[in-house]
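Asks: Dropping the structure in here first, questions after.
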Amino acid sequence: MAESDAPNFMLTHPLGESHEGRFLHDLRAISQSPTDHGLLRLYISRLQASNRDAQGARAAETAFDELMRMRSVRLYHLRNTDLMVMYEPTQVDGVEKCLMKLLRLWGADPLLVRFKADPRKNKLASWYDMAEDFPKVMNFAERQVGEQTAAGKTLAELVAEREVAKANTERGVPMTPIGLGRAEESLARVDLSSFTRRQAICAFVEDGKPEPVFTEVFVSIADLRETVMPGTDFAANPWLFQRMTQTLDRRVMSQMSRKEDESLLRDGFSVNLNVATLLSEEFLTFDDNFAPSSGDIVLEVRLEDIFSDLSAFTFARDFVHERGYRICIDGVTFRTYPYADSNRLGVAYSKLMWSPDMAAMMGTERAQKFKDMIRERRRGRTILSRCDNDAAVRIGSQLGITLFQGRHLDTVLREKS
């Protein structure tokens, strides 16, 4: 059969694998209060072939456009082309109206000929009562991801996903001002060396193997929390958390100034600091110990910290540039990347966190615009972080990203050594 004669309907949705993983992740995130959400499954796979092509899949998404703009629904494509719709219970009428659009669109399909008049009584959709059906839905999502694992996911990747879900559901109680005081007292005494982690930022060379460009040195907040204040969510209040990290900055700089790791000094490293820290006396002491002239030290500054006082950041940036440091914008998300322009902010790098949304947009006009943005900011200026599997690296490469960080790179580097 000639390529032009091939059927154009989809048997497997290209976004299914990544969306099923995201669906399971989101279900785990709401597991403490599932009744705050409703769920609908559209059985697009049951439609006849002519309604089950790429255009039909887009029609299903378009029907929910307004609710998606309001962030009242989330859509997840399954590999078999079905669509899961998670929505806020207050929007159930809106979801029914969206479904009615599709019933009219596909009304001539044999599946709907007898049932097209009632959005609650048709074979195109199933509505779930999350109070009763949540365990069943969770079991289904885990089976779907389990099938992906059997098809190629490693045990390490599965464990990583579970740890992320656990972190999302077991954050603990919010930190209070009194708790901050206790945390700062503890930070003054605790030995940070057992909580210090390293993770390489890598570029891929010609043989397809990652080569470290520099190494990030950071403190594991999750591990530190379990020692200093177990059961407390440090990040619940961003202002208290920032104050605590300024205390942490001083301890980290003091530890690194001892220069106990010669490999870091030789190969280069990055460390995450607050803007206020860069303007402090403690940083001057740190600078006296390093005073780089070859650009081997990268200072990572969070995006929200930069924009909370842009003039202070500009002053700090110019100072550290004169001293030979480079700056990386940290904490950049898929949605904030357009604002984290490394060219306009005058920095060396921006660190973009991997998101399943990046996989979802591939093949669309939005992906091309995103790729153009990366190119305008010059190759090698965007680092894709939290790459826990090969798919993140592949999609990042397709978007023109050349620097990567995450558990997947850690695994490859260990196997290489």
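Asks: So which helices (runs of 4 or more DSSP H) are wholly in the range 1-78 and hold at least 3 residues that are within 26 Å of the chain's Cα centre (by Cα), modelled with pLDDT of 75 or more and within 18 Å of G107 (Cα to Cα)?
Replies: In the range 1-78, the matching helices (runs of 4 or more DSSP H) lie at 54-63.
Asks: Let me ask something additional. Taking D118 as meeting all but one of (1) assigned to a helix (DSSP H, G or I); (2) modelled with pLDDT under 60; (3) surrounded by fewer than 17 Cβ atoms within 10 Å (Cβ to Cβ), write down the number of the exception.
Replies: Exception for D118: condition (1).
Asks: Ok, one more. Out of the residues in the range 394-406 that are assigned to a helix (DSSP H, G or I) and touching a residue at least 40 places away in the same chain (Cβ under 8 Å), which is farthest from the chain's Cα centre (by Cα)?
Replies: Result: S397.
Asks: Next question, about the same structure. Considering only the range 365-391, state which residues are out of contact with any helix residue (DSSP H, G or I) (no Cβ under 7 Å at 6 or more places or on another chain), touching a residue at least 24 places away in the same chain (Cβ under 8 Å) and assigned to a helix (DSSP H, G or I).
Replies: Going residue by residue through the range 365-391, those that are out of contact with any helix residue (DSSP H, G or I) (no Cβ under 7 Å at 6 or more places or on another chain) are 365-372, 374-376, 378-380, 383, 385-386.
From what is left, the residues that are touching a residue at least 24 places away in the same chain (Cβ under 8 Å) are 367, 370-371, 374-376, 378, 380, 383, 385-386.
A367, F370, K371, I374, R375, E376, listed by residue number.
Asks: Now, a different point. Do you know which residues across the range 320-338 are exposed (fewer than 15 other Cβ atoms within 10 Å of the Cβ) and not charged (D, E, K, R)?
Replies: Matches in the range 320-338: T333, P338.
Asks: Return the residues of the range 195-241 that are over 23 Å from the mean Cα position of the chain (by Cα) and part of a loop (DSSP other than H, G, I, E, B); say none if nothing qualifies.
Replies: Within the range 195-241, V205, E206, D207, G208, K209, M229, P230, G231 meet the criteria.
Asks: Which number in (1) farther than 28 Å from V393 by Cα; (2) touching a residue at least 12 places away in the same chain (Cβ under 8 Å) marks the one condition that R69 misses?
Replies: Among (1) farther than 28 Å from V393 by Cα; (2) touching a residue at least 12 places away in the same chain (Cβ under 8 Å), the lone unmet condition for R69 is (2).
Yes or no, residue by residue, for (1) within 18 Å of the chain's Cα centre (by Cα); (2) among the basic types (K, R); (3) within 29 Å of R366 (Cα to Cα):
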residue	(1), (2), (3)
L279	no, no, no
D305	no, no, yes
T314	no, no, no
D318	no, no, no
R335	yes, yes, yes
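Asks: Looking at (1) without any contact (Cβ under 8 Å) to a residue 24 or more places away in the chain; (2) assigned to a helix (DSSP H, G or I), which is the one condition that is false for R335?
Replies: All conditions pass for R335, except number (2).
Asks: Here are the criteria: (1) buried (at least 19 other Cβ atoms within 10 Å of the Cβ); (2) polar (S, T, N, Q); (3) in a helix (DSSP H, G or I). Tell me which single one T81 does not satisfy.
Replies: Against the list (1) buried (at least 19 other Cβ atoms within 10 Å of the Cβ); (2) polar (S, T, N, Q); (3) in a helix (DSSP H, G or I), T81 comes up short only on (3).
Asks: Hey, can you tell me all the residues within the range 242-260 that are hydroxyl-bearing (S, T, Y) and either in contact (Cβ under 8 Å) with a residue 40 or more places away in the chain or part of a helix (DSSP H, G or I) (or both)?
Replies: T245, T247, S254 - these are the residues of the range 242-260 that are hydroxyl-bearing (S, T, Y) and either in contact (Cβ under 8 Å) with a residue 40 or more places away in the chain or part of a helix (DSSP H, G or I) (or both).
Asks: Residue pairs, Cβ under 7 Å, 6 or more apart or interchain, first in the range 181-198 and farther than 13 Å from M253 by Cα and of a type in the set (G, A, S), second modelled with pLDDT of 85 or more and surrounded by 15 or more Cβ atoms within 10 Å (Cβ to Cβ). List them.
Replies: From residues that are farther than 13 Å from M253 by Cα and of a type in the set (G, A, S), the pairs are A183/M244.
The values are calculated or read from the model by the stated rules, or taken from the named source; none is laboratory data. The model shown is predicted, which means the values in this text are computed figures rather than measured ones. Positions of Cβ are generated from backbone atoms using ideal geometry, with glycine treated the same way; all protein chains shown enter the neighbour counts.
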